[in-house]
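K.L.:
I'd like to ask you about the structure that follows.
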Amino acid sequence: MAIRRGRGVAAINYPTGMNLGGDPTQALVHSTPTGNFMVTLSSVDLGQGMKQIMAQICAETIGVPTDRVVVDTADTDTGPHCMGTFASRGTHRAGNAVIQAAKEARQVMLEVAAEELEVNASDLETDGQGNILVKGAPQKSISIFDVALSAHFKRGRSISGRGMFLIPRSYPEKETGAMKPSTCYAHACTVAEVEVDDETGEVTVLTVKNVFEIGRALNPKMVEQQLVGGSWMGISHALYETTEPYYPNRDHGGTDFNQYLMPGPGDLAETEIIVLERPSGDGPYGAKGPGEMCANPQIPAVANAVFDAVGVRIDTLPITPERILRALKAQAN
Amino acid sequence: MAKVPVQFTLNGSEKAEFVDGGTTLLNALRDKIGDTSPKGGCHQGTCGACSVIVDGELRLSCLTLAETCNGATITTTSGLAEGGVLHPLQRAFLDTFASQCGFCTPGMIMAAKVLLDHTPNPSRDEVVEALSGNICRCTGYEPIIQAVLTAARANSQNAA
Ligand code: FES
Ligand code: FES
């Protein structure tokens, strides 16, 4: 009886969004009388940071600082339609819709500015700080604040735009079953090192080293935050979490936080995160969906590491001490 | 049911309320007084989201009866910022991106504050120990541990 060490590796590719009956998200953007911009969505921020990302995308497209944008995701009854925040689709689908809406709003904004400055709208550019300038003659300029006031009170224009992003439904080919369920994929690879106690079946994850390829990281610190949390969740899926340990029998399933186990702050593996940015062709500013895929590669990597350590293949999750001991016993017989 | 009078100091101001006998401090704070910074994650003492500080000690407000807090001095996360300036722990949570959905954050900050009040320069193990009664579903804990260590460093630099 001994503590045995093992190392496992796994790689995944992960679709952004899914092939429903078409996968649409819509967005509306409008300016307030003082030149702030409002993004209206039905997509929901559940802690992943969607509001911040949509504000960045809108600000970048219109040409204003991010703090001039307010994102309202208040109400799915009244907001423009979204299929939902799931399948890592939020940034990709809603982001594309926001770009389209913001472009239309920007065009109206430039038209109003052109009337005020008595120039052609196509000769104007934004400085990203809240001003509109004549290309090549930046001393001729107007603030977006003044443009919005003019649009509202003088020229009777609505600085607003509509955005729509739709991945159409993909039907399988009758002969081959081939289909295109998604237009962009994120990738990841994990190496996990474990110790397995072959007497108790207990697994300790020593290190997890992850590489994630996620398109463009629109907010690098928030991406890192999600990847660190996701890597920990992957270990939790691999070793701890289930509501039905004897599926389909509900007996012994956790019923509260005391019984539904996840690693606590004292059970953390040494974790490394490397981000590779390869901008996606159809993502907003090159983004893909890192949300769910970041908790996936740790699971097969840990399973492979357990195999490397004690020579048994556990193909049911979570990889509990009981499953390991049963497998070791079967192997010995 | 007969109402029970309770009086305590919350974040420096006097509060007096009538509550139903058996009302938890969590419900009294959230529903009666309107301080929603303590969160109700489980209402049974297993998640730490409802943590508050009562007379200098960390307490689960979901397991504390409001009527037992008569005369007590209570601190919640909403009372930490002074004059619009964030408490060093709040600042550190922001700087280290230690909050995602934010549901655990007020409880984590309470647990961390009690730790730092007693142990201004904690080791990593002491931080882990202090946070071990608080559950987070989002961050994987590492950024929270880093936030507490960062706040401790900031405090000792200010003191020096
Ligand atoms: S709500 Fe008090 S411990 Fe969970
Ligand atoms: S940040 Fe979501 S539970 Fe901790």
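K.L.:
How high is the FRET efficiency from A:T207 to A:A330, r the C-beta distance, R0 22 Å, rounded to 0.05?
P.N.:
0.15
K.L.:
Now for a separate question. Taking the Cα centre as origin and putting +1 on Lys and Arg beta-carbons and -1 on Asp and Glu beta-carbons, what dipole magnitude results for chain B, to the nearest 20 debye? Display every interim value, and only then the final one.
P.N.:
Details: 11 positive and 15 negative charges, 57 e Å.
That gives a dipole near 280 debye.
K.L.:
Using a 10 Å cut-off around each Cβ of peptide A:264-274, what is the average number of partner chain Cβ atoms that fall inside?
P.N.:
Mean shielding by partner chains, rounded to a whole number: 4.
K.L.:
Defining a contact as two alpha carbons under 8 Å apart and six or more residues distant in sequence, what relative contact order in percent does segment A:150-220 show? Could you put the intermediate results ahead of the total?
P.N.:
Working: 58 pairs, mean separation 14.7, N = 71.
It rounds to 21 percent for segment A:150-220.
K.L.:
Given that compact globular proteins tend to follow 2.2 N^0.38 Å, what is the ratio of the alpha-carbon Rg of segment A:19-167 to that value? Don't skip to the end; give the middle numbers.
P.N.:
Details: Rg = 15.8 Å, N = 149, 2.2 N^0.38 = 14.7 Å.
For segment A:19-167, the normalised Cα radius of gyration is 1.07.
K.L.:
Taking a threshold of 22 Å on the Cα-Cα distance, which of the pairs A:K221/B:K113; A:K103/A:K135; A:K180/A:K221; A:K103/A:K221; A:K221/A:K288 fall above it? Before the final figure, lay out the partial values.
P.N.:
Numbers: A:K221/B:K113 25 Å; A:K103/A:K135 18 Å; A:K180/A:K221 32 Å; A:K103/A:K221 27 Å; A:K221/A:K288 16 Å.
Distance filter (> 22 Å) returns A:K221/B:K113; A:K180/A:K221; A:K103/A:K221.
K.L.:
Quickly rank B:22-32, A:123-133 as a protection proxy: mean count of other C-beta atoms within 10 Å, highest first. Present the calculation step by step, with values, prior to reporting the outcome.
P.N.:
Numbers: B:22-32: 19.8, A:123-133: 16.9.
Highest mean packing first, the order is B:22-32, A:123-133.
K.L.:
What residue among A:V119, A:V147, A:V191 shows peak mean-square fluctuation when chain A is described by a Gaussian network model with Cα springs under 10 Å?
P.N.:
Looking only at A:V119, A:V147, A:V191, the largest GNM fluctuation is found for A:V119.
K.L.:
Separate question: At a Förster radius of 41 Å, what calculated FRET efficiency corresponds to the Cβ-Cβ distance of A:Q107 and B:L86, to the nearest 0.05? Walk me through the intermediate numbers first.
P.N.:
Details: r = 40 Å, r/R0 = 0.97.
After rounding, the FRET efficiency stands at 0.55.
K.L.:
For the protein assembly as shown, rounded, prolate or oblate, judged on the Cα gyration tensor with a ≥ b ≥ c (square roots of eigenvalues), a/c < 1.5 rounded, else prolate if a/b > b/c? Each step should come with its number before you reach the end.
P.N.:
On the way: a/c = 2.03, a/b = 1.22, b/c = 1.67.
It comes out oblate by the Cα gyration axes.
K.L.:
Is segment B:56-119 rounded, prolate or oblate when judged by the Cα gyration tensor, a ≥ b ≥ c being the square roots of its eigenvalues, rounded requiring a/c under 1.5 and prolate requiring a/b larger than b/c? Numbers along the way, then the final one.
P.N.:
On the way: a/c = 1.97, a/b = 1.67, b/c = 1.18.
Here segment B:56-119 falls in the prolate category.
K.L.:
Ignoring ligands, DNA and RNA, what percent of the accessible area of segment A:173-251 is carbon or sulfur (1.4 Å)?
P.N.:
Values: 1930 of 3680 Å².
Looking at segment A:173-251 in its full context, I get 52 percent from C and S.
K.L.:
Under 28 Å from the Cα of B:K3, which lysines turn up, not counting those fewer than eight places away in the same chain?
P.N.:
B:K15, B:K32, B:K39
K.L.:
Projecting each Cα onto the charge dipole of segment A:19-167 (Lys/Arg +1, Asp/Glu -1 at the beta carbon, about the Cα centre), which of A:I142, A:H30, A:G47 comes out farthest on the positive side?
P.N.:
A:G47
K.L.:
About its Cα centre, what dipole magnitude does chain A give when the only charges are +1 on Lys and Arg Cβ and -1 on Asp and Glu Cβ, stated in debye to the nearest 20?
P.N.:
On the way: 28 positive and 39 negative charges, 149 e Å.
Dipole of chain A, to the nearest 20 debye: 720 debye.
K.L.:
Estimate for me the total accessible surface buried between chains A and B (protein heavy atoms, probe 1.4 Å, no ligands or nucleic acids), in Å² to the nearest 100.
P.N.:
Working: alone 16860 and 8220 Å², together 23410 Å².
Its buried surface, counting both partners, is about 1700 Å².
K.L.:
Across peptide A:225-231, how many C-beta atoms of other chains are within 10 Å of each residue C-beta, on average? Don't skip to the answer; put the middle values down first.
P.N.:
Working: counts 10, 5, 1, 7, 10, 2, 2.
What the average comes to for A:225-231 is 5.
K.L.:
Defining a contact as two alpha carbons under 8 Å apart and six or more residues distant in sequence, what relative contact order in percent does chain A show?
P.N.:
Values: 764 pairs, mean separation 84.3, N = 333.
RCO, chain A: 25 percent.
K.L.:
May I pose another question? Just add up the charged neighbours of A:G47: K/R +1, D/E -1, any other residue whose Cβ is under 14 Å from the Cβ of A:G47.
P.N.:
So the surrounding residues net to +1.
K.L.:
Under a point spin-label approximation (7 Å from Cα along Cα-to-Cβ), what is the B:L63-A:Q52 distance to one decimal in nm?
P.N.:
With each label point 7 Å from Cα toward Cβ, the separation is 3.3 nm.
K.L.:
May I pose another question? Relative contact order for segment B:88-159: what percent, with Cα pairs under 8 Å and sequence separation of 6 or more?
P.N.:
Numbers: 70 pairs, mean separation 35.9, N = 72.
Once divided by the residue count of segment B:88-159, the mean separation gives 50 percent.
K.L.:
May I pose another question? From the residues A:H81, A:V306, A:G264, which one has its Cα farthest along the dipole of chain A in the positive direction, the dipole being from +1 and -1 charges on Cβ of Lys/Arg and Asp/Glu about the Cα centre?
P.N.:
The Cα lying farthest towards the positive end belongs to A:H81.
K.L.:
Any idea how far apart B:D20 and B:Q7 come out in nm if each label point goes 7 Å out from Cα toward Cβ?
P.N.:
Calculated label separation equals 2.5 nm.
K.L.:
Where only protein heavy atoms count, and the probe is 1.4 Å, what is the accessible area per residue for segment B:90-160 in Å²? Don't skip to the answer; put the middle values down first.
P.N.:
Details: 3140 Å² over 71 residues.
The answer is 44 Å² per residue.
K.L.:
On to the next question. Mean residue ellipticity at 222 nm from the helices of chain A, using -39,500 (n - 2.57) per DSSP H segment of n ≥ 4 over the full residue count, to the nearest 500 deg cm²/dmol?
P.N.:
-8500 deg cm²/dmol
K.L.:
Right, here's the next one. Quick one: check the C-alpha center-to-center distance for segment A:163-238 versus segment B:20-68, whole angstrom.
P.N.:
38
The values are calculated or read from the model by the stated rules, or taken from the named source; none is laboratory data. All figures in this text were calculated on a predicted structure; none of them were measured in a lab. Glycine gets a Cβ as well: all are built from the backbone with ideal geometry, and neighbour counts include every protein chain shown. Accessible surface is based on the protein model in full, side chains and every heavy atom, while ligands, DNA and RNA are left aside. Shrake-Rupley method; radii C 1.70, N 1.55, O 1.52, S 1.80 Å.
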